[in-house]
Amino acid sequence: MEYDVIIIGAGVAGCATALALKKVNKDLHIAIIERSASLENAFKIGETLPPQASKQFQNLGIWEAFLACNFSSSYGTSSVWGSHTVYTNEYIFSPYGYGWNLDRNAFDQFMMEQAKEQGVVVYWNTSCIDSTWQNEEWILQCNQESTTLLLNTHFVVDATGKKAAFSALQGTEKIKKDKQVGVYRFYDLKQANATEIKEGIVVETDANGWWYSATLPNQKLVLGYLTDSDIASHLKMKVTSHFEDQLQQTTITATRVATLSDTTTPFLVAAQTQYLKSCVGEGWLAVGDAASSYDPISSLGIYKALVMSQWASFAIQDFLKNDRIGLRKYQNLVAHDFEVYEKKRKEFYQQESRFSNTLFWKRRHEINI
């Protein structure tokens with residue numbers, strides 16, 4: 001069981017990297033190992049794609065297949081940020097057209113099927129527990145249920161999300177810039193009165209963070225409250241009654257879900273900004289959230305994974321040809337992209353000055369870039 005490249009993690013970043021590699025060299029033997037039994041997760045967060053994602057799908061050669069999925073079009077976002085006035089950012093002014101609101105289960109499955117069509121091998125229920133670099137290749141010791149697998153590869157891609165599991169095995173330092181979390185609930189849009197709910201994304205700030213809501217193509221609406229972990233704990237946001245109390249203090253978000261039935265109790269998801277001090281090493285690199293993770297306010301999580309996968313494919317191809325320059329270029333690209341993001345993030349948070357004396361907003365306004 002020897003491969004040119006093994007990708008750890010079957011999410012968007014992992015599948016996109018496999019596709020990008022196959023686009024560069026269709027003869028590469030690639031495997032994805034995934035610790036779970038399937039990609040299905042009823043409450044997966046991350047459902048927004050900006051218009052410019054169309055270019056990335058074209059680069060990966062899956063644009064027509066993506067369109068055939070018929071995901072919901074997104075024509076812009078509405079926000080109450082920095083003032084009491086609702087501001088609408090319409091994608092009609094984007095040269096790329098409209099964006100999308102995704103059914104994440106369906107989208108993740110789509111990406112996996114595209115990778116399989118290119119001959120990528122997938123190991124489900126498989127976890128990498130040890131790794132050894134010797135004789136110019138990795139030996140990965142993996143657990144697959146009750147069986148031990150030894151997989152050999154010339155290159156490893158860490159696509160394990162914020163955990164950056166393989167990178168951690170290599171001793172890479174993870175730098176966390178904040179302790180933001182999202183507390184989420186899903187609502188049902190199937191009942192008749194839900195037809196009055198306006199489609200799209202709405203963002204609204206308050207003294208302790210900001211609210212996010214978006215209609216989804218699977219007849220659901222996702223509602224999230226973004227704040228810091230200590231503040232979420234103090235407000236007891238995972239308790240339904242406390243979540244509702246905070247929600248009722250909003251101007252437009254509460255009215256958006258007033259007639260809807262919730263389908264989940266509040267649950268918490270990590271949402272911090274972080275990056276790896278080094279996202280490359282001898283025979284490995286990290287992609288997607290494993291390399292760098294952005295604030296959800298950017299709506300760039302999936303888009304970044306698509307872009308980064310293509311950068312990674314060129315660096316890996318160089319490495320397989322005994323050229324290490326590609327890895328250094330990749331590190332520089334990821335670092336530069338993160339610097340640009342942090343500057344924009346600071347500027348955006350500073351637009352909200354109404355709550356400058358509260359802990360959440362003080363932290364954002366004091367960010368040093």
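The values are calculated or read from the model by the stated rules, or taken from the named source; none is laboratory data. No experiment lies behind these values; they were computed from the predicted model shown. With ideal geometry, Cβ positions are generated from the backbone for all residues, glycine too; neighbour counts draw on all protein chains shown.
Among the candidates T132, T126, the residue that is in the same structural domain as Q310 (by TED's automatic domain parsing), within 29 Å of G171 (Cα to Cα) and exposed (fewer than 14 other Cβ atoms within 10 Å of the Cβ) is uniquely T132.
Taken over segment 159-191, the criterion of being among the small types (G, A, S) and either at positive phi or part of a loop (DSSP other than H, G, I, E, B) (or both) is satisfied by A159, G161, A164, G171. A search for C-beta distances below 8 Å between a residue of segment 251-275 that is in a loop (DSSP other than H, G, I, E, B) and any residue that is loosely packed, with under 15 Cβ neighbours inside 10 Å and among the hydrophobic types (A, V, I, L, M, F, W, C), counting only pairs 6+ apart in sequence or on different chains, returns I252/V86; P266/V239. Among the residues of segment 140-163, the ones that are out of contact with any Ser or Thr (no Cβ under 8 Å at 6 or more places or on another chain) and among the basic types (K, R) come to 1 in all. Of all residues in segment 220-239, those being surrounded by fewer than 18 Cβ atoms within 10 Å (Cβ to Cβ) and either touching a strand residue (DSSP E or B) at 6+ places or on another chain (Cβ under 8 Å) or not assigned by TED's automatic domain parsing to the domain that holds P266 (or both) number 2. Out of I297, I302, one residue alone is farther than 24 Å from T172 by Cα and assigned to a helix (DSSP H, G or I). It is I297.
Looking at D337, is it crowded, with 17+ Cβ neighbours inside 10 Å, free of Cβ contacts under 8 Å to residues at least 40 places away in the same chain, of a type in the set (D, E) and in a helix (DSSP H, G or I)? Answer is no for this residue. Could you say which residue among G301, G288 is within 19 Å of the chain's Cα centre (by Cα) and on the phi > 0 side of the Ramachandran plot? Being within 19 Å of the chain's Cα centre (by Cα) and on the phi > 0 side of the Ramachandran plot holds for just one of G301, G288, which is G288. Considering segment 44-70, the residues that are of a type in the set (A, V, I, L, M) and either closer than 17 Å to A20 by Cα or assigned to a loop (DSSP other than H, G, I, E, B) (or both) include one that is nearest to the chain's Cα centre (by Cα), namely I45. Within segment 155-166, the set of residues being farther than 16 Å from F319 by Cβ and not hydrophobic (A, V, I, L, M, F, W, C) comprises T160, G161, K162, K163. Across segment 60-82, the qualifying residues are those that are crowded, with 20+ Cβ neighbours inside 10 Å and among the aliphatic types (A, V, I, L, M), and the one among them that is modelled with the lowest pLDDT is V80. Within segment 215-234, restricting attention to residues that are among the hydroxyl-bearing types (S, T, Y) and touching a Leu at 6+ places or on another chain (Cβ under 9 Å), the residue that is modelled with the lowest pLDDT is T215. Condition check for N70 on (1) of a type outside the set (G, A, S); (2) touching a Leu at 6+ places or on another chain (Cβ under 6 Å); (3) on the phi > 0 side of the Ramachandran plot: one failure, at (2).
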